[in-house]
Structures are given as structure tokens and as C-alpha cells.
1. Calculate the spin-label point distance for SER120 paired with CYS225, positioning each point 7 Å from the Cα along the beta-carbon direction, and give it in nanometres.
2. Taking the Cα-to-Cβ direction at SER51 and at ASN81 and moving 7 Å from each Cα, how far apart do the two end points lie in nm?
3. Say each of ILE40 and ASP180 gets a label point 7 Å from the Cα, pointing the same way as Cα to Cβ; how far apart are those two points in nm?
4. Could you tell me the calculated FRET efficiency between TYR74 and ASN210, based on Cβ-Cβ distance and R0 = 22 angstrom, to the nearest 0.05?
5. For the range 117-236, what is the charge dipole size about the Cα centre, in debye to the nearest 20, if Lys and Arg each add +1 at the Cβ and Asp and Glu each add -1 at the Cβ?
6. Measure out, as a whole number of angstrom, how far apart the alpha-carbon centroids of the range 197-235 and the range 96-164 sit.
7. List the pairs from LYS55/LYS198; LYS99/LYS125; LYS125/LYS221; LYS92/LYS160 whose alpha-carbon separation is above 25 Å, in the order I gave them.
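FYI, it's all coordinate maths here, none of it is from the lab. Remember, predicted model here, so these are calculated numbers, not experimental data. Here the Cβ is made from the backbone with ideal geometry for all residues, glycine too, and neighbour counts use every protein chain on show.
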Amino acid sequence: MRKFIIAAALLSVLVACTSKEKDNNQTNVRQHQQTMILNINDFKWTREPESCVIKGDTIEVVTLPGTDLWQRTYYHFRNDNAPVFQMETEEKFFSFVVKTDFTESHHRFDQCGIVLYLDSENWLKGSVEYENETFQHLGSVVTNNGYSDWATTAISADVKTMWYRLSRREDDYCIECSQDGLHFSQMRVCHMHQGGGKIRFGIYACSPENSSFKAVFTNMKLTECAWKAHNGQQPD
């Protein structure tokens, strides 16, 4: 009888601990989900465009000629005047998704896409850049400490919409793209030297040469980090 009472007591403690842990986990999940709420009112402009319309979850930006983001490398010029619409976060693990429509792009380098702009010398972006009536460049630029790179692949000029997903794992980032919003392909994994603390991320559009077009952004959302931890070689 005594053994039965002791066993019952231990079972009761175990159930209570399990229940408490479950409650704590649920609280952590709720708190994490709260950080994933995307509110358009949390977004702020860095260099607001002259023409912009926000209707619900749709953002339309009309670019101005001579607007761009680039630092030094190869071209040796510095362009830092593209409109950027971003929100701030200290969340270390998340993914940000947006759909872009660039049907009206028509001149070389017209572009719109996803961006993480910290300051003029530290940022990344992913977009489709118009080239001609045959092809365009799907690519990404990462700028660390004032020097940009540009990784691209040629895609058909018939593509007029593109989804992007930017994922953060502390100060490492992944940019992905998709044509249907469901199946994403990796464009780039990169490290941001200044990207370990509070960051800003969102959307941008620009026309580096003598052009202007309407860029349309929809379906913006935040989710838990879709870029999962590496399963393989362990860190050094």
C-alpha cells in the first residue's frame, strides 16, 4: 500500500511538471507568434518615393529615374537613393515573404524586390532586373562595409512576377525566390557583418537609368524561420 501511495505521488508530480512544461511551451509559442505579426504601420520609409499608394496589403511604388543601390565594386560609383520601405526587429530567427509584380518594367536595370538596408554601406537586396525584351537578371546584391557584389542568372523576359523569402538566423541570411509562392529556390546564403542586432528589412524599387515604372508589392507576411538549422557538419 505504501509503495502504491509513493508511486501515485511520483506520478502526480510528473504530470504536474509535464503540464507546467507544456504551458510554458505554449506561452513561448504564443510569444514567438506575436513577434511574427506583420503590421504595415510598423514600416517606415528611407527616402520616400514621390508616388506611392498603399491599399490594404498592396503597395504600389512609381520609381524615379536615376535611383539605385550600389557601392563601389567594379563600377567605382556609389548610388544610395532608392526608396526603401522597412520595419525593425530584434527577432533572431524569422522569414519575410513578399510577392512583386514588375509588369511595367521596360528599361535596363528597372527593378523591385526584397531588401535589408542597415545603412548606406551595409545592406542586401534580391530582385529581377530588366535587361531587354528577351531576358532579364534574377539576382541578389550583398554589400558589406561599403563594397557590393552581384550574383545573377538570366531568366526569360516573360516573367513578370516573383516571390521572395528572406530568412534570418542571427547574423546569417538566406534569400530565396518562387514563381508560385509555394516552392522556393535558394538564391544566396550570406553573412552580414553588421547584421547581428536590430535590423530593418522590407521592400524597395528603383530605376538606375532614365526610366520610371510602377512596382507592385502584395502578400507580405512574417513566419517562423523557414531556413532550418544545418543538418550535417558541426560547427568548429
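1. Between CYS225 and SER120, the simple spin-label model gives 3.2 nm.
2. The two pseudo-label positions are separated by 1.8 nm.
3. Those two pseudo-labels are separated by 2.8 nm.
4. Here the calculated transfer efficiency is 0.55.
5. Rounded to the nearest 20 debye, it is 440 debye.
6. So the separation of the two Cα centres works out to 10 Å.
7. Over 25 Å apart, Cα to Cα: LYS55/LYS198; LYS92/LYS160.
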